[in-house]
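Everything on this sheet refers to the single structure shown next.
The values are calculated or read from the model by the stated rules, or taken from the named source; none is laboratory data. What you see is a predicted model; the values in this text were computed from it and never measured. Glycine also receives a Cβ, built like all others from the backbone with ideal geometry; neighbour counts cover every protein chain displayed. Protein only, heavy atoms only, side chains kept; ligands, DNA and RNA dropped before computing areas. Shrake-Rupley method; radii C 1.70, N 1.55, O 1.52, S 1.80 Å.
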Amino acid sequence: AQSVTQLDSHVSVSEGTPVLLRCNYSSSYSPSLFWYVQHPNKGLQLLLKYTSAATLVKGINGFEAEFKKSETSFHLTKPSAHMSDAAEYFCVVSVGGASYGKLTFGQGTILTVHP
Amino acid sequence: NAGVMQNPRHLVRRRGQEARLRCSPMKGHSHVYWYRQLPEEGLKFMVYLQKENIIDESGMPKERFSAEFPKEGPSILRIQQVVRGDSAAYFCASSPDGGGNEQYFGPGTRLTVT
């Protein structure tokens, strides 16, 4: 079985300050991990993915995430928040490899960015 | 290369009517997934299809819901005799293959049952 826990339902930061969105996962197999972003009334956009290559993964819009197997974590960070980053972020796990990629979503973290 | 297309974007149905949601995957993608996002909840997997085959429907409600992905044409998610609890956003995603690769999502269909 696989699961994802996003540790914060809401995160609020000021523009220009760092962003940290926390995610822990549980998987019986070597996981593929993703972060998706959803702006209000929009679909989901892939920010970045981890698939057992480099543990530090760089994504779009300045986001990056680090896979830490010992901590079963995959936290999302960005050095400097922008107003356009305000959205809901989902940490997602998939059992990959030879099996198919059924995605299991975390509950989401709503990021608010203050001017 | 057009992304995943879903239509309609918004759908209003009265209780007891049928809802048909369509999804055209990205060009070259033969794997389609449907997810449902209920108010105040995260996205939940519903069904995974390849052309003409249902691979995994473990997330589909046992009654009233069905899905298909024919050889030609879009994937269809069908909800019969809709109830208010079916009101949600339904997202379709596609991928070129399975195996844990990233899925590309459509804009969703927001179903409202009155």
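Values as computed for the structure displayed
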read-out	value
Whole-Hz ³J(HN,Hα) from phi, Karplus 6.51 cos²θ - 1.76 cosθ + 1.60, for region A:40-48, glycine and proline x	x, 6, 10, x, 9, 10, 6, 8, 6
Chain A - percent relative contact order, Cα under 8 Å, separation 6 or more	37
Protein accessible area in region A:12-111, 1.4 Å probe - carbon and sulfur %	52
Top positive-direction residue, dipole computed over the protein assembly as shown with Cβ charges, set A:HIS75, A:SER14, A:ASN41	A:ASN41
Accessible area in square angstrom per residue, chain B, 1.4 angstrom probe	49
Shape box of chain A [Cα atoms, principal axes, largest first, Å]	45, 28, 22
Percent carbon-and-sulfur accessible area, chain B, ignoring ligands, DNA and RNA, probe 1.4 Å	45
Solvent-accessible area per residue for chain A (1.4 angstrom probe, square angstrom)	48
Globularity index of chain B, i.e. its alpha-carbon radius of gyration over 2.2 N^0.38 Å	0.99
Mean-position separation - Cα centroids, region B:1-42 and region B:49-78, in angstrom	12
Chains B and A together, accessible area buried on both sides, 1.4 angstrom probe, square angstrom	1700
Hull shadow area, averaged, the protein assembly as shown [alpha-carbon convex hull, nm²]	12.7
